Amino acid sequence: MRPAARRPAARARAHWPPDESYPVRDTTVASILRDAAARAPDTVALVEGVPQTGDRRRWTYAALLGDAELAASALAARFEPGERIAAWAPSLPESLVLTYAAAMARLVLVPVNPALRSAELAHVLGQSGSVAVFFTAEHRGSDQGALLDALRPELPALRAVVDFAGWAGFCTDSSGSSTGVSPPGPDDVAQLVYTSGTTGSPKGALLTHRGMTNAARSGAERFGMRAGDVYVHTMPLFHVGGQVVAFQLCQSLATTVLVPAFEPGLVLDLVETERATLTCGVPTMLLAMVDHPDFARRDLSSLRAISGGGAVVPDELVVRIEETLGVQFAIVFGQTEASGFISQTHLDDEPHDKAATLGLPLGHVEARVTDPENGDVVAVGEVGELEVRGPNVMAGYHDLPEETAATLRPGGWLRTGDLVTMDERGFLTMTGRLKDMIVSGGENIYPVEIELLLAGHPAVAQAAVLGVPDPRWGETPVAVVRLAEGAEADAAGLESFLRERLAAHKVPRRFVFALAPFPLTASGKVQKFALRDHLAGQDSESAPTPS
């Protein structure tokens, strides 16, 4: 159990004060690597998480620092401090080296999902004003170089395109030096990270060195991360979670086993052969691992804890993982605009709290739940919008002053857009998204409540609930459902299942049965705007989801 001093006190209003005993450090992405190399130069910092057909490449902290400094010199010779450079690639060791090198050269890193296609990529590179792109020539059958060549006329700021296949040459073919570049300051922007775009065009969040490194340290402490841990890192580096987890491991003097792309069999192999103590995953990843045919025969006894987040983690999955693997599970909740980390459960929290809540706000984070209409703090137990402030909060959206003003309240409060409740202890519980909330006949309906119930039906593999216009009710809920392989269910059966568990006005008026997995963001969230676009004009009860 946690010491009594750390147990939250009862409260009447939904407000959580910051933990002032937890110091905010003046760290940067550059300084944490230099510090790790000074404290533990011979500790293995990085392992290339590929199938063991031969020796996996490994870097000590001293070697990782050396490679980062060499790359920083090459960057400093070509680009000016403050310019944006993009990494459009999966989780390669070279991409992590670039993360640290960019910080040392005082450049702003723009992580970009390699799965983005022409219009999406043009938006991110163009809106960010990126002057360089580092990429892999092929990704899942796509000729990335050809795609970039076709876009370059639309991207006047883009001066350099570097294939990671020529990374070694790029780093050594330079007479420049990063030693002439002053180190970044804690409040400088470290990365420009684009939101997942679940409701529209992605926006670029300006994340500072102080914000990212302190969010990482706070989350690592809550997770019980320590020196000597081996972490199979499944979150992609093109996602804010992937970047900040890497900073957690660096500050903890732990080992990062970097998975280039998630494949459940590979992750199980890495946990066994590298004797991993920690790993993580969004719910879809974790389910794929425990359902994999190799799961039962793998020796996973080295694992101590697993974290999950990126989407609501069903209660049943939490219990299943803890009981099957004999590990402790942690729920992590955050968003890009808050450096990926807002709240987290403790490993020793009660099972109900781990299964049903988002935990307590992390160190440094002040949180409150407000009425979306007037901004007043609501009473505990009431639904409202979660607002947070602290060093983890973004500096704003890049070149989007109106969106920044709408999202950052005076005083530094970030409007998350998440609808939550806070109990008298400070524990947060998700009820939905402000933009997802359905108002039907004057009643507020929170899709996540319905989605979690449908996820508990034995025939359902995926479920998403959307609000659609209705001339009588204003909006009505529609459920998009993908059945588990070999399972059978119909609309009448699912409606009956929900009517036993929900008030009548919350039961979807229509069920659409999907034939393919839902479109997801890189962080595992359902792209509801894509489902909504697909539903527009659909009159039948059965239709495929978009690819």
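Some notes on this structure:
- Cα-centre dipole for the range 338-485 with unit charges at Cβ (Lys and Arg positive, Asp and Glu negative), debye to 20: 240 debye
- Backbone amide hydrogens, once placed in the peptide plane, bring Arg13 within less than 5 Å of Val380, excluding anything fewer than 5 places away on its chain.
- Between Glu475 and Gly441, Asp470, the built amide H atoms are under 5 Å apart, and every one of these is 5 or more places off in sequence or on another chain.
- Ordering of 141-154, 226-239 by packing [mean C-beta count within 10 Å, highest first]: 226-239, 141-154
- Annotation: peptides 242-251, 416-425, ranked by per-residue average of other Cβ atoms within 10 Å with the highest first, follow the order 242-251, 416-425.
- Cα centroid separation, the range 469-512 to the range 227-287 (Å): 37 Å
- Of the peptides 76-85, 368-377, the ranking by mean beta-carbon count within 10 Å, highest at the top, reads 76-85, 368-377.
- For the range 164-172, backbone phi angles converted through the Karplus equation (6.51, -1.76, 1.60; θ = phi - 60°) give residue-by-residue couplings of 4, 5, x, 4, 4, x, 4, 5, 9 Hz, Gly and Pro being listed as x.
- P(r), alpha carbons of the range 68-115 - 5 Å bins starting at zero, rounded %: 6, 25, 32, 23, 11, 3
- The Ala504 and Ala137 beta-carbon pair, evaluated with R₀ = 51 Å, returns a calculated FRET efficiency of approximately 0.35.
- Accessible area ranking (1.4 Å probe, heavy atoms, ligands and nucleic acids excluded), largest first, for Val50, Val257, Val290: Val50, Val290, Val257.
- Amide H contacts of Val282: Gly309, each under 5 Å away and 5 or more positions distant or on a separate chain (H built 1.01 Å from N in the peptide plane; Pro and chain starts excluded).
- Applying 1/(1 + (r/R0)^6) with r as the Cβ-Cβ distance of Arg152 and Arg117 and R0 = 22 angstrom yields a FRET efficiency of 0.90.
- Residue-wise HN-Hα couplings along the range 125-142, as the Karplus relation 6.51 cos²θ - 1.76 cosθ + 1.60 with θ = phi - 60° gives them from phi, are 5, x, 5, 7, x, 4, 9, 8, 10, 9, 8, 9, 5, 9, 8, 6, x, 8 Hz; Gly and Pro carry x.
- Summed side-chain charge close to Val420 - residues other than Val420 whose Cβ falls under 15 Å, Lys, Arg +1, Asp, Glu -1: -4
- Distance from the C-alpha centroid of the range 52-92 to that of the range 343-361: 36 Å, rounded to the whole angstrom.
- Label selected from (1) 37, 26, 25; (2) 47, 41, 20; (3) 53, 32, 26, the criterion being semi-axes √(5λ) of the Cα gyration tensor in Å as computed here: (1)
- Coupling constants for the range 51-64 follow from the phi torsions by the Karplus curve (6.51 cos²θ - 1.76 cosθ + 1.60, θ = phi - 60°), and in residue order they are x, 7, 7, x, 6, 6, 5, 9, 10, 7, 5, 5, 5, 5 Hz; glycine and proline get x.
- Size of charge dipole - the chain - debye, nearest 20, with Cβ of Lys, Arg +1 and Asp, Glu -1, no other charges: 720 debye
The values are calculated or read from the model by the stated rules, or taken from the named source; none is laboratory data. It should be emphasised that the depicted structure is a prediction, and the values quoted were computed from it without experimental measurement. In this analysis, Cβ positions are derived from the backbone assuming ideal geometry, glycine residues included, and neighbour counts consider all displayed protein chains. The protein model used for the area step is the full one, side chains on, heavy atoms only, and it has no ligands, DNA or RNA in it. Shrake-Rupley method; radii C 1.70, N 1.55, O 1.52, S 1.80 Å.
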